[in-house]
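Peer 1: Below is the structure I would like to discuss, written out as structure tokens.
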Amino acid sequence: MTSAPLTLRRPLSGRPAPTSPDRTPMVLPLDSDALLRGCREVLIRHGGETYRLRHTRNDKLILTK
């Protein structure tokens, strides 16, 4: 299955990401289905490198370089 690239940006509201009471950025959960979109693996480009995120038969996620 081939699909369009997934692009993650700032929150859709255009406002900065929410912060915790001590003003550090909060880490917001992202559902794995949003990344995999029905595929068993995706390639992720980061810092000039390509990583592979795989969903295994045992329902685990494995990230490899």
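Peer 1: Amide H neighbours of residue 51 under 5 Å, counting only residues 5+ apart in sequence or on other chains, H built in-plane at 1.01 Å?
Peer 2: 44, 45, 46
Peer 1: Report in % the part of the accessible area of the range 26-65 that belongs to carbon and sulfur, leaving out ligands and nucleic acids; probe 1.4 Å.
Peer 2: Percent of accessible area from carbon and sulfur atoms in the range 26-65: 51.
The values are calculated or read from the model by the stated rules, or taken from the named source; none is laboratory data. These numbers come from a predicted model, not from an experiment. What goes into the accessible areas is simple: the full protein's heavy atoms, side chains included, and nothing from ligands, DNA or RNA. Shrake-Rupley method; radii C 1.70, N 1.55, O 1.52, S 1.80 Å.
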